[in-house]
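First up is the structure itself, then whatever we jot down about it.
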Amino acid sequence: MEDEELAKTEKFIKRLKTDYPEIKFRNKAKRFSYQLRGAVPVVFLGEPQPNFALLTLHELGHALCKHKDYKVDVERIKIESAAWEMAKTVLSEYRKKAQTETGLATILPEWDEDFVQDKMDTYRDWLHARSRCKKCGLTRYQTDDGKYHCPRCEAFTLA
Ligand SMILES: [Zn+2]
Ligand SMILES: [Zn+2]
């Protein structure tokens with residue numbers, strides 16, 4: 001990240017911390033993530049990288065949606081999509097505020113829809129890889145207990 005971009009991002013993160021005091025932000029984590037620790041939502045900020053501010057908004061989105069762990073993998077796709085939607089909403093609220101608040105517009109990140117869609121693709125790829133049967137390649141289904149079942153291989157087992 002360039003110095004100017006870095007300074008802008010730092011100011012924006014500082015602003016988020018002020019506006020969301022109920023959420024804890026932890027710096028310098030290995031990767032961006034979100035956890036509910038007891039009743040306290042914690043957002044972990046990863047290493048410097050492009051779209052740092054958007055990734056922060058995404059984790060904040062999880063916190064604002066009060067997301068918990070997913071039980072079945074397909075739920076994760078919904079959760080990730082909801083967190084990005086919330087990130088977009090938060091950013092557009094700031095855009096509205098920036099119309100009357102001097103200086104705010106200069107620290108707001110640009111929404112990068114391609115970046116977000118790439119992220120969504122990686123979750124979909126992850127789901128695809130997880131659900132693929134390693135024996136026969138068929139797409140398996142997951143039951144509420146989190147276990148995957150292959151309609152082909154399990155049918156043969158039962159026969
Ligand atoms: Zn996420
Ligand atoms: Zn199979």
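By count of other Cβ within 10 Å, fewest leading, how are V72, V90 ordered? Working shown, then result.
Working: V72 14, V90 18.
Ranking V72, V90 by Cβ neighbours within 10 Å, fewest first, gives V72, V90.
Along the charge dipole of the chain, Cβ charges K/R +1 and D/E -1, which of L104, L64, L91 sits furthest on the positive end? Working it through, the farthest residue towards the positive pole turns out to be L64. Could you work out how far the C-alpha centroid of the range 15-44 sits from that of the range 95-159, in angstrom? Spelled out, the Cα-based centre of one part sits 22 Å from the other. By the beta-carbon count within 10 Å of each Cβ, the least crowded to most crowded order of V116, V40, fewest first, is V40, V116. For the set K8/K68; K14/K88; K30/K97; K8/K96; K68/K135, the pairs lying more than 28 angstrom apart at their alpha carbons are K8/K68; K30/K97; K68/K135. Taking a straight Cα-Cα cut-off under 23 Å and skipping sequence neighbours fewer than 8 places away in the same chain, the lysines within cross-link reach of K71 are K119, K134, K147. Please give me the summed charge of the neighbours of E113: other residues whose Cβ is under 13 Å from its Cβ, Lys and Arg +1, Asp and Glu -1. Around E113, the surrounding residues sum to -4.
So which GluC sites (Glu not before Pro) in the range 93-158 are both in a DSSP loop and have at most 12 other Cβ atoms within 10 Å of their Cβ? Don't skip to the answer; put the middle values down first.
On the way: sites: E93, E101, E110, E113, E154; in loops: E101, E110.
Counting only loop positions with at most 12 other Cβ atoms within 10 Å, the GluC sites (Glu not before Pro) in the range 93-158 are E101, E110.
Applying D = kT/(6 pi eta Rh) to the chain, where Rh is the Kirkwood radius over alpha-carbon pairs, T corresponds to 20 °C and eta to 1.002 mPa s, the Stokes-Einstein value obtained is 121 µm²/s. Comparing L91, L16, L138 in a Gaussian network model of the chain (Cα springs below 10 Å), the most mobile by mean-square fluctuation is L138.
Each value in this text was obtained by applying a stated rule to the coordinates, not by laboratory testing. Because the structure is predicted, anything quoted here is derived from the model rather than measured. Positions of Cβ are backbone-derived with ideal geometry, glycine not excepted, and every protein chain shown enters the neighbour counts.
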